[in-house]
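Below is one structure; the comments refer to it alone.
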Amino acid sequence: NNSNSNNVPSHQTSTDGSTMPISALNPSAVSMTDDERMDLNAADAAVAAGARVSLVECLAGDADHVDADTLATVFSVASEGHAARVVAAQADQRQRDMARRMREEQDAEYEASLLRDRKRAQEQAEEKARLEAEAAAAAAVAAAEQTRLACRQNALDARQRLAFERLPVDPISSPPLGTTTTTTTTPPPASASSSAVTTVRLRLPGGTTASRRFRSDSPLQVVFDFVHTLPEVGSTLLVCHLVSSYPKRLFTPRDEQVTLADLGLAPQATLFVQPVAEEDEQKELDEIQAFWAAKGREAGGK
C-alpha cells in the first residue's frame, strides 16, 4: 500500500511462491471488465478446487494513476523474472501428473491382478471339486459294478452247483417226471435204439457241440441242467433258451417240467443254446419265478 499524497503507484513481489486466492487482491484497486471479473472468479474456483496459484506481482494505488504502459512494463518484468519458476512448476506438475497416472495404472493393474488371481483360484477350486466329484462318482460306479459282478458270479456258481447236484452221472438213469430217487446207484445205460431214450445234440454259442442221452420221460430240466454243467455255458450264462430248428420252436425254463417225449424231442433232437442277454437276465429270472409261483398256486387250489 502507498500512502503518499501524490498516489504514485508502487508494487511488491511474492518470492516464497505461497498459494493465495486471487480474490485477496483489492478488486477496487484496478478497474475490470465483466469478462475480467469472470476470469477472476474462475481462478478463485480453481484455487478452491486445489489448484496452485502463486502471487508473483501486486500493484496497489489509485487506478486513475496506473496507465497501461506501466502495467505492461511491470507484468512483463514480473513474467520474465518468474519464467524459470513457471517452467519448474510446470515440470513439477507434469512429474506429479505422471506419478499420479503411474500410481493409478499400477493400482489398476494390481486390482486386475488380484481379480485374475481370485478368478484363477476359484476356477482351480471348481475344477478340483469337479474332478473329485467325478472320481467319487467313478469309484461308486466301479464299486457297484464289482458288487454286481460278484453277485452274478455267485449266482452262476450256485446255478452250476444245482445243475451238478440234480443231473445224474448217467442222464439215462434220471427218474421220470414226478418221481424221486433215494439211492445213488444207477441202472446201466439203455441202448441207443431204445424208445425210452432220447439223444440230444446241442450247439453252443461259441460254435462247439455237445451231446448226451436222456430218458424220454425225463423233464426238460435235465437238459437245461446238462447245459449249465458245460464250462462254456455254466461260467457265463445265468439263463438260456433252447431252440429247435425243425420244427422251429423255443424252449424256456418255463417248459422244464414237461417231458422230452411230450415236447416232441424223442427219440432225438438237435437244439441250439440261445443266450439271454446279461442285461435281461434278472427280468427273465423274475418272470420265471412268477410263472412257477402261479403254477404252485394253481396246484394248491386244486
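Remarks
- Scanning the stretch 257-276 for residues being at pLDDT 90 or above and not in a strand (DSSP E or B) gives a total of 10.
- Residues satisfying the criterion are present in the stretch 116-138 (criterion: within 30 Å of residue 285 (Cβ to Cβ) and assigned to a helix (DSSP H, G or I)).
- Qualifying residue in the stretch 228-237 (condition: more than 48 Å from the chain's Cα centre (by Cα) and under 26 Å from residue 152 (Cβ atoms)): no
- Answer from 143, 112 - the residue that is part of a helix (DSSP H, G or I) and under 30 Å from residue 235 (Cβ atoms): 143
- Scan of the stretch 242-254 for residues that are surrounded by fewer than 18 Cβ atoms within 10 Å (Cβ to Cβ), at pLDDT 90 or above and in contact with a Leu (Cβ under 9 Å, 6 or more places away or on another chain), ordered by number: 243, 244, 249, 250
- All positions within the stretch 198-217 that are without any contact (Cβ under 8 Å) to a residue 60 or more places away in the chain and under 59 Å from the mean Cα position of the chain (by Cα): 206, 207, 208, 209, 210, 211, 212
The values are calculated or read from the model by the stated rules, or taken from the named source; none is laboratory data. Owing to the predicted nature of the structure, the values given are computational and were not obtained by experimental measurement. When we count neighbours, we look across all protein chains shown, and the Cβ atoms used for this are built from the backbone with ideal geometry, even at glycine.
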